[in-house]
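Q: Got a structure for you, written out below as structure tokens; questions coming shortly.
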Amino acid sequence: MENASAIERPNKKGGELRIGPKLKAARRARRLSMKDLAERVGCSESLISKIENDHVYPSLPTLHKLAAELGSSIGKLIAEGGDGDFISRAGQRPIISVDAIGRNGSVGIKLEGVALNGELLYASIHVIDAGGSSGGFIEHVGEELAYVLEGEVEIAIGDKIHRLGPHDSIFFPSEMPHGYRNPGERVARILWVNTPPTF
């Protein structure tokens, strides 16, 4: 699985969630300059500026590193106000597109928030276009469960690749480097649960 920690894709601002202002606020709250943050996560200061101004989306591994470095999580970055803190309504969940370009120039991955405000777990639906991937490996504290709702996906955990189809699931410790890709010809949807919500 390739490592693409700083792929850039222009933000088309077509109804996709904007995370730049939240990242900027979290960085300022920690009294970090863009240069400091860039050095900590291993990317350029220019990329931080583009992300904070919603000109580009970071890759999934880069977004994860940014959130972790800022004491946040991807769930908190995409959380929006909803119908109370407990209900996540179909068609109203926050969605963020992250980089990992799929076949024919498709987006690659979209994260649809399901359970965002918990202190013990985080859940989302990863929508992966044909040929889309996580863009590299992620590792962090915790445990994870992935349940394939539709399509096929290859999940790499350490040096092993596991191919999963509809209704298959996998559980693993988050400390193991992990990533995924959709080798199929159609969209895959995975319910992904992390605890604690470091993702």
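Q: Using θ = phi - 60° and the Karplus curve 6.51 cos²θ - 1.76 cosθ + 1.60, what whole-Hz ³J(HN,Hα) does each residue of segment 30-42 get, with Gly and Pro shown as x?
A: 8, 6, 10, 7, 4, 5, 4, 5, 4, 5, 5, 9, x
Q: Continuing with the same structure: Calculate the FRET efficiency for LEU145 and GLU39 from the Cβ-Cβ distance with a Förster distance of 30 Å, rounded to the nearest 0.05.
A: Efficiency for this residue pair is about 0.35.
Q: Calculate the spin-label point distance for SER46 paired with ARG31, positioning each point 7 Å from the Cα along the beta-carbon direction, and give it in nanometres.
A: Using points 7 Å along Cα→Cβ, the separation is 3.1 nm.
Q: Amide H to amide H under 5 Å from GLY132: which residues, 5+ apart in sequence or cross-chain, H placed 1.01 Å off N in plane?
A: Those lying under 5 Å, H to H, from GLY132 are ARG103, ASN182.
Coordinate-derived values only; no laboratory data. Nothing here was measured: the structure is a model prediction, and the numbers come from that model. Please note: Cβ atoms are built from the backbone with ideal geometry, for glycine as well, and neighbour counts cover all protein chains shown.
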